[in-house]
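One structure coming up, written as structure tokens, with questions to follow.
The values are calculated or read from the model by the stated rules, or taken from the named source; none is laboratory data. Predicted model only: the values in this text are computed from it and were never measured. Quick reminder, even Gly has a Cβ in these numbers, built from the backbone with ideal geometry, and neighbours come from all protein chains shown. Surface areas here come from the heavy atoms of the whole protein model, side chains and all, with no ligands, DNA or RNA. Shrake-Rupley method; radii C 1.70, N 1.55, O 1.52, S 1.80 Å.
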There are 2 protein chains.
Amino acid sequence: MTGGDVLAPHLHAHAADFLRGLRLHAVSGPDGAGAEEAARALRAAARRIGAALATFRALLDTAWADRLRAELTWLSGTLGQEYACTAQLVRLAEALARLSGGRPPALPPPRSGGEALAMGAARAGALLDRKLTQARSRAHSAALQALGSARFHALADTVALLASEAPLSPAASASAATALGDPARLAERRLLDAVAALPTAPAVGGEQQDAPWHQVRLLLRLHRYAEELLGAGPVRYEAGGALDRHRDAAEAAATAAGAARTPRIAPATAYALGVLHADQRHEVAAARTAFRHAWERTVVTTG
Amino acid sequence: MTGGDVLAPHLHAHAADFLRGLRLHAVSGPDGAGAEEAARALRAAARRIGAALATFRALLDTAWADRLRAELTWLSGTLGQEYACTAQLVRLAEALARLSGGRPPALPPPRSGGEALAMGAARAGALLDRKLTQARSRAHSAALQALGSARFHALADTVALLASEAPLSPAASASAATALGDPARLAERRLLDAVAALPTAPAVGGEQQDAPWHQVRLLLRLHRYAEELLGAGPVRYEAGGALDRHRDAAEAAATAAGAARTPRIAPATAYALGVLHADQRHEVAAARTAFRHAWERTVVTTG
């Protein structure tokens, strides 16, 4: 078996998934019941194809691979925005409810003049709801526009071709063990280095040092997909989940902070947003701890 | 050995400590270098004597014991206020510095119109500093006034007598094992019951359910002092430390929330205070976890 014998069917299969997602979207209509499911299928397929193009780039026509990968990243990002807004709305509403402990969110019992403050959490919730609903509408329009664009049609044509034919390079004729194993090991090495270099800055107050964590999330995904292609079982699934939660909490915290910059909000609203921001940054810290634990467990198991 | 043979020397010794603290305070003057040390010694002795009076009340003239204990509680509380203000000032300043991660505290990098917000944390720090410094001045005056009062002189006279003579009841003539062991076991039982009944409400958003935790802190102290009198080594020292941190964090969070009720503060200041409040409530949660771990370890150790 050559590297191409393994890589090509993998690309064909995920390209076929992509096309199925596309058909589902066409059938359900832009706002139909299946539209969300279709977008999720499209994004999942795009992620898998993009990851294979990145890790096994040398086995493919590299100019073609780079171009397709850029287009898949664009599509994933565009389709993901709407879902991200919904998920964040749910996350922040849940956090406000949890912080409230049954009373108006996040606020200790009002003493003197506390009435205004007790309103703050409710107002913060309404403000976030308004902002995220607006953002979601914009994302929805942008996604519909993207799916109707010439750019998307060109991408869909490329993926349709990929469902039956992958433009392999001569390097793909090497044995699968070498052609796929070497790049997969490189992907793992990049991940291990990035994890080893993770900063020790605290999550709370260390917002400016989130980027290396987000980078590890992407490298872990590339590693997982490469292992999957090589026939390994679920790889570092738990660590990946922790990094997903990490990203979600970091983005929710940024949204709370952003909402606090709204001009002319009441101090009580700002206070509740501050509570919410800190709470989500603590979720970031918890996700980092969960990642470290899951990571150490896996290293011990495989090492 | 009778119960009185053990209890009386214990009371004598701590009464002597109290008197030493008093002399140190007189020597150093109200604002001198030794004044803080003297106040700490007075409070520590008052706590030990008060705990013995509470746990071994039946071995003493109960009317006398109840009266002295109430006076010791009053003195401890009055002398403790100033120290508590200082400790809280330090704690909140440290938290703001930690949350800042080097930049103006607690705030993500300013984007549009973020200048005002970047000021918020600095203003919150200044506001807390002002409030706590004022509170400390008031506490200092109150402590000085208390130490010069007729009420304090009467208390000092009672303690001076206690240094050589404890008013024992007939129950103190029973064997030490019975006279001291039974009340000590009762104190432990009360503690165990209170720990078992601790609510599971989350620390963040569960401010109104702090009281049982504070109660456990007091019961644990009574238990520890009783064991100490019976000659046990350090008992549940770590669990006690966790509950001290729990109390400190809960009070700091309340101070942050209280400061947010200051009329006419800027939204940015309120936001930073919200961040600080949530941070301290997470410290409350961390202290509870630390307590549970220390507690379980001790239970396993002692069987």
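When you look at A:ALA242, is it farther than 22 Å from B:ALA278 by Cβ and more than 10 Å from every other protein chain (Cβ to nearest Cβ), yes or no?
When the stated conditions are applied, A:ALA242 does not pass them.
Go through the range A:247-303 and report how many residues are touching a helix residue (DSSP H, G or I) at 6+ places or on another chain (Cβ under 8 Å), among the β-branched types (Val, Ile, Thr) and more than 18 Å from A:HIS214 (Cβ to Cβ).
Result for the range A:247-303: 5.
What pairs come up if the first residue lies in the range B:53-64 and is closer than 18 Å to B:THR178 by Cβ, the second is open to solvent by 30 Å² or more (accessible area, probe 1.4 Å) and of a type in the set (D, E, K, R), and their beta carbons are under 8 Å apart, counting only those six or more places apart or on different chains?
Pairs found: B:ARG57/B:ASP66.
Name the residue that is nearest to the other protein chains (Cβ to nearest Cβ), counting only residues in the range B:199-239 that are over 30 Å from B:GLY181 (Cα atoms) and β-branched (Val, Ile, Thr).
Filtering the range B:199-239 for residues that are over 30 Å from B:GLY181 (Cα atoms) and β-branched (Val, Ile, Thr), the one nearest to the other protein chains (Cβ to nearest Cβ) comes out as B:VAL204.
Shifting gears a bit: Check off (1) crowded, with 17+ Cβ neighbours inside 10 Å; (2) at pLDDT below 95 for B:ALA177 and give me the number that stays unchecked.
The one condition B:ALA177 does not meet is (1).
Give the range A:199-236 a look and list any residue that's farther than 19 Å from A:GLY50 by Cα and among the hydroxyl-bearing types (Ser, Thr, Tyr), or say none.
Within the range A:199-236, just A:THR200 meets the criteria.
Considering the range B:252-294 alone, what residues qualify as being assigned to a helix (DSSP H, G or I), within 8 Å of chain A (Cβ to nearest Cβ) and not aliphatic (A, V, I, L, M)?
Result: B:GLY258, B:PRO267, B:THR269, B:TYR271, B:GLY274, B:HIS277, B:ASP279, B:HIS282.
Take the conditions surrounded by fewer than 21 Cβ atoms within 10 Å (Cβ to Cβ) and either in contact with a Lys or Arg (Cβ under 8 Å, 6 or more places away or on another chain) or among the aromatic types (Phe, Trp, Tyr) (or both) and apply them to B:TYR225. Does it pass?
When the stated conditions are applied, B:TYR225 does not pass them.
Are any residues in the range A:132-143 among the charged types (D, E, K, R) and buried (at least 18 other Cβ atoms within 10 Å of the Cβ), and if so, which ones?
A:ARG136
Looking only at the range B:161-174, filter to residues that are within 30 Å of the chain's Cα centre (by Cα) and open to solvent by 70 Å² or more (accessible area, probe 1.4 Å); which one of those is farthest from B:ALA15 (Cα to Cα)?
Only one residue tops the list, namely B:LEU168.
Cβ-Cβ below 7 Å, separation at least six or inter-chain, first residue in the range A:180-207 and more than 17 Å from A:ALA286 (Cβ to Cβ) and at pLDDT 95 or above, second open to solvent by 10 Å² or more (accessible area, probe 1.4 Å) and of a type in the set (S, T, N, Q): which pairs?
What qualifies is A:PRO183/A:THR55; A:ALA184/A:THR55; A:ALA187/A:THR55; A:ALA194/A:GLN215.
Output the residues belonging to the range B:199-219 that are open to solvent by less than 20 Å² (accessible area, probe 1.4 Å) and outside any helix (DSSP H, G or I).
B:ALA203, B:VAL204, B:GLY205, B:GLY206, B:ASP210
Before we move on, is A:LEU162 touching a residue at least 60 places away in the same chain (Cβ under 8 Å) and farther than 24 Å from A:THR55 by Cβ?
Judged against the criteria, A:LEU162 is not a match.
Being touching a residue at least 24 places away in the same chain (Cβ under 8 Å) and farther than 18 Å from A:GLY231 by Cβ, is that true of even one residue in the range A:2-10?
The answer is no, given that none of the residues of the range A:2-10 is touching a residue at least 24 places away in the same chain (Cβ under 8 Å) and farther than 18 Å from A:GLY231 by Cβ.
On the given criteria, is B:ARG151 within 29 Å of B:HIS14 (Cβ to Cβ), open to solvent by 70 Å² or more (accessible area, probe 1.4 Å) and either touching a Cys at 6+ places or on another chain (Cβ under 9 Å) or at pLDDT 95 or above (or both)?
Answer is yes for this residue.
Residues of the range B:94-132 being at the interface with chain A (Cβ under 7 Å from one of its Cβ atoms) and either touching a strand residue (DSSP E or B) at 6+ places or on another chain (Cβ under 8 Å) or modelled with pLDDT of 60 or more (or both), which ones?
Hits for the range B:94-132 are B:ARG98, B:LEU99, B:SER100, B:GLY101.
So A:GLU71 fits all but one of (1) over 25 Å from the mean Cα position of the chain (by Cα); (2) at pLDDT 95 or above; what number is the exception?
(1)
Could you pull out the residue among B:ALA287, B:ALA257, B:ALA272 that is under 29 Å from A:PRO202 (Cα atoms), open to solvent by less than 20 Å² (accessible area, probe 1.4 Å) and at pLDDT 95 or above?
Answer to the selection: B:ALA287.
Would you check if B:ARG297 is crowded, with 19+ Cβ neighbours inside 10 Å and farther than 27 Å from B:LEU99 by Cα?
Here the answer is no, as B:ARG297 does not meet what is asked.
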